[in-house]
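The structure appears below as structure tokens.
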Amino acid sequence: MFVLIGYLVIVNLFGFALMGNDKARAKRRKRRIPERRLFLTAFFGGALGVLLGMNRFRHKTLHPSFKYGIPLLLVLNAAVAAFLFRIVGG
């Protein structure tokens, strides 16, 4: 169970950092992080971090794919995590 919690903490911190880094790159007109990478991070458990990063850095909040897709992935992440916690914990 601690491995699962550790994974979720790390992937969400990574997702949060990715959003902050992409926003900084956008401001400096540097090469951007592909949206596919942001969505894959969210898909593999980092949706909360990506969502918090979106709001904290005010980044991609108007893009419909992010505005609706990331919260949907958060629900999926929560369902998968609940399932895994039930298997591992019980």
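Our coupling estimate for the stretch 50-55, obtained by passing each phi through the Karplus curve with A = 6.51, B = -1.76, C = 1.60 and θ = phi - 60°, is 5, 5, 5, x, 4, 6 Hz, Gly and Pro reported as x.
Per-residue Karplus couplings for the stretch 57-66, computed as 6.51 cos²θ - 1.76 cosθ + 1.60 with θ equal to phi - 60°, are listed in order as 9, 6, 10, 6, 6, 9, 6, x, 5, 7 Hz, Gly and Pro entered as x.
For the pair the stretch 54-74 / the stretch 13-50, the C-alpha centres are spaced 11 Å from each other. As a rough guide to protection, the peptides 15-25, 54-64, 34-44 ranked by mean Cβ packing within 10 Å, highest first, stand as 15-25, 34-44, 54-64. Using Cα springs under 10 Å in a Gaussian network model of the chain, which residue among VAL11, VAL80, VAL50 shows the largest mean-square fluctuation? Result for the chain, Cα springs under 10 Å: VAL80 fluctuates most. Annotation for ARG32 and LYS67: the two label points, set 7 Å from Cα along the Cα-Cβ direction, are 1.6 nm apart.
Rule-based calculations on the coordinates, nothing more; no lab input. Given the structure is predicted, the values throughout are model-derived calculations rather than measurements. We place every Cβ from the backbone using ideal geometry, glycine too, and count neighbours over all the protein chains shown.
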